[in-house]
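Notes to accompany the following structure.
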Amino acid sequence: MKKTSLCIQQELERHHHQYPIGCSESYFESKINELTHHNEIVTFGVLLPITSRELTKPEKCIENFSNLLKSLAETSQQDIRYRISGTRYQIKIYIGIDKDGHLFLNNSAEKIFYNHGFIDIDITKFDYFPDSTCDIWRELSHKAYKENCDYIVLFENDIIIKTNGWMNKFHKTYLEISIQKKVPCNFGCVTFTDITFPGFPAFPVISRVHLDTFNGDIIPQQRFQIQDVYTYLFQLYRRWGCSIILHDVKIQKIKIDQRYEKWYHSDWKFDVLNNSVDRVEKWLNINNKTPIQKLLTLDIVVPSYRVDFKYLDPIINLEIPVTMSTIIYIIIDDPNSSNIILLKKLYEKDPFIRILVNKTNLGASLSRNRGLYESNADYILFLDDDVTPEKDILFECEKVIKEHPTACGFIGSSKFPPANESIFKSAVVLSGVTFFWEIAEIWDNDIPWGIAGNLLIRSYKDDILFDSSFPKTGGGEDIDFCLKKGNFFIKNVENGKGFQGASNVKVTHHWWNDGKRYYWRFYKWAKGDGALIKMHPNLTYNDIVPNSAEFLLGTTFILFITVIISSLITVFYDIEIINIFTILIFLSVPHVIISNFVFDIHLHLIIQPFKRVPTIGGYRYILAIFESSMIRMTNEFGRLMGHIERKEWNYIGKRFDWFAKKNGGTMNDEISTNSRKFFIWVSLMVFSSSVLLIVISESPM
């Protein structure tokens, strides 16, 4: 019935434009057409490279080869011996051997074929070096194409086919793709299921439509790894929603390896893949009567140490537009997480939900980089594993991409839940450390950077990665990444633009540590982002006064030296250790903290009262202001300690312009803020000195 339906559909499309509307008599005529699929013979060309890399133990290679042929014979009997719905199947095997593969020939390999009933075989020796599987596949595909094979099967030597009737299943699947997706017959990429890696599109069966499109080449003239061939073919037809893994057709690989893990950028994933997509698109425009729109490919990358289903489930179950193809990569950075088993059980068979586990804890930067390596999409949306995206986030991503097609990426809006009555949460907001989480709400275009917890980037051949020198838990790596990517696009891409604001690309960023008081995070952030001063010297400036952390460290050091010197003087001279000088030095330390409190009280109550947190009031609001000062000083202290640990002595006293000198930059505001705090500190010291002098003058001698 499906074949009949397909035939009718194709006939209707073929005659659609032949008759003008007024020529109604043609619709009363009936013609009988013979189904073209009746009594058809479908030939599967099995391509099987034998490389000398596998021949270190020829007897083992022969054993694997024999097991493969045995499984091939057993699982194809049903298709070959019996005509199924008018279709008969046959197999032609193409063996390719590299230049050192004579050991294989010397072991009477041809007898193995005959023992398993295969007589239509072709053995070719190539002048290729060991490990040239992909080159041999390419050459063998030329032969199979010239000999009119309908399907090309890419096999390896160490596999066993586990499913009977697999040829008919592939043929039927291609027919179903044609009907459902309204594409020509045999268009797409359909693969076996590798039992070891069920979500990876290994061992594809490709039709001659692909070879027609590429003049007999199954893959381009490009250096490929084996896994790259599988991924390339799947990703190519994914652009039209025509890539499928058949989960009921299984293959078992004898030798289990980790080659499906990607830790490098594939050379083909940009220019080669894009050129291939363009070629397929042109072929479709010529050969497909019904126009079909290419899908936007947008992948989601989530580095996850928490592996918390409360946050991962909403991401995995996001609604995807019908005009988009999305693969979700969950990069698990805690290999000991107890949730890995359940996560894999639920999703590892889905090629569009990839669960990837790092062997050790690598940190946020390297985990995101792994997602960059794995993805072959046009765009990548980075989400943190403690955010909940809005249900329409992918629809909003599609809108901004269409609006700004030459932008390097987009900064989404990350809102925190209301602080409620929490003093600590309110203090975090007042401290300003989360300002850039919602930068897209106030800045429309050419935003210098945004947090990686909600960052949409355009995938491009720019070799820009997240720098692993930053802390594993994060702190500065997203700033560095965005600055480099934005600058590259503006300088090297035609009409290229920097990051654009995408205020409707929204996530809710949940409070860290469930909102419990925890200052260490802010310390670690700044310890990392302080490295930006050395990395981007063009975005730095010299401050005229120390900040709070530098002041605290300096005054504490002076106090320490003063105490030691005073102690030594007391030992040798009859002088009291406690005097007006030592008292002032001692007071200078708490005065640094008090000057910050005074400045922030004045800022949040008088200068910027509109920024107050609406969920608290009264004395609790005052306490939140005090704590916001502590959070910011902790942040500054982390930055200072980062300089000291990295021995960046020359960078102490320098500041980074967080606006990257755009929109006026932050230099003037920062210098003004630190100068005012310094003035308050000086005023406090003068006041303390005056009080001490009065006390001393009035005290009895």
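Taking the conditions (1) within 18 Å of residue 383 (Cβ to Cβ); (2) aromatic (Phe, Trp, Tyr); (3) crowded, with 16+ Cβ neighbours inside 10 Å in turn, residue 489 satisfies each one other than (1).
Quick one: would you say residue 634 is open to solvent by less than 50 Å² (accessible area, probe 1.4 Å), closer than 28 Å to residue 443 by Cβ, part of a helix (DSSP H, G or I) and not acidic (Asp, Glu)? When the stated conditions are applied, residue 634 passes them. Taking the stretch 277-379 and the helices (runs of 4 or more DSSP H) fully enclosed by it, the elements with 3 or more residues that are in the same structural domain as residue 461 (by the TED database) and farther than 30 Å from residue 250 by Cβ are at 309-316, 364-374.
Taking the numbered list (1) surrounded by 20 or more Cβ atoms within 10 Å (Cβ to Cβ); (2) assigned by the TED database to the domain that holds residue 382; (3) not acidic (Asp, Glu) in turn, residue 495 passes all entries but (1). Among the strands (runs of 3 or more DSSP E) confined to the stretch 109-205, the ones with at least 1 residues that are in contact (Cβ under 8 Å) with a residue 40 or more places away in the chain and within 30 Å of residue 357 (Cβ to Cβ) are located at 151-154, 159-161, 189-194. Among residues of the stretch 406-441 being part of a loop (DSSP other than H, G, I, E, B) and touching a strand residue (DSSP E or B) at 6+ places or on another chain (Cβ under 8 Å), the one that is least open to solvent (accessible area, probe 1.4 Å) is 408. All conditions but one from (1) over 34 Å from the mean Cα position of the chain (by Cα); (2) surrounded by 20 or more Cβ atoms within 10 Å (Cβ to Cβ) apply to residue 156; the one that does not is (1). The sole residue among 465, 552 that is in contact with a helix residue (DSSP H, G or I) (Cβ under 7 Å, 6 or more places away or on another chain), open to solvent by 30 Å² or more (accessible area, probe 1.4 Å), farther than 21 Å from residue 403 by Cα and in the same structural domain as residue 650 (by the TED database) is 552.
Just one of the listed residues (330, 380) is over 16 Å from residue 306 (Cα atoms), among the aliphatic types (A, V, I, L, M), within 15 Å of the chain's Cα centre (by Cα) and open to solvent by less than 30 Å² (accessible area, probe 1.4 Å), namely 380.
Check the stretch 344-358 and report whether any residue there is of a type in the set (Lys, Arg), surrounded by fewer than 17 Cβ atoms within 10 Å (Cβ to Cβ) and farther than 21 Å from residue 195 by Cα.
Applying the first criterion (of a type in the set (Lys, Arg)) to the stretch 344-358 yields 344-345, 349, 354.
Filter once more, so that each one left must be surrounded by fewer than 17 Cβ atoms within 10 Å (Cβ to Cβ): 344-345, 349.
Within this subset, residues satisfying the condition of being farther than 21 Å from residue 195 by Cα are none.
No, there is no match, as no residue in the stretch 344-358 is of a type in the set (Lys, Arg), surrounded by fewer than 17 Cβ atoms within 10 Å (Cβ to Cβ) and farther than 21 Å from residue 195 by Cα.
The values are calculated or read from the model by the stated rules, or taken from the named source; none is laboratory data. Every value quoted in this text rests on a predicted model; they were computed, and no experiment measured them. Virtual Cβ from ideal backbone geometry, glycine too; neighbours counted across all protein chains shown. Each accessible area value is taken on the protein alone, full model and side chains, heavy atoms only, with ligands, DNA and RNA left out. Shrake-Rupley method; radii C 1.70, N 1.55, O 1.52, S 1.80 Å.
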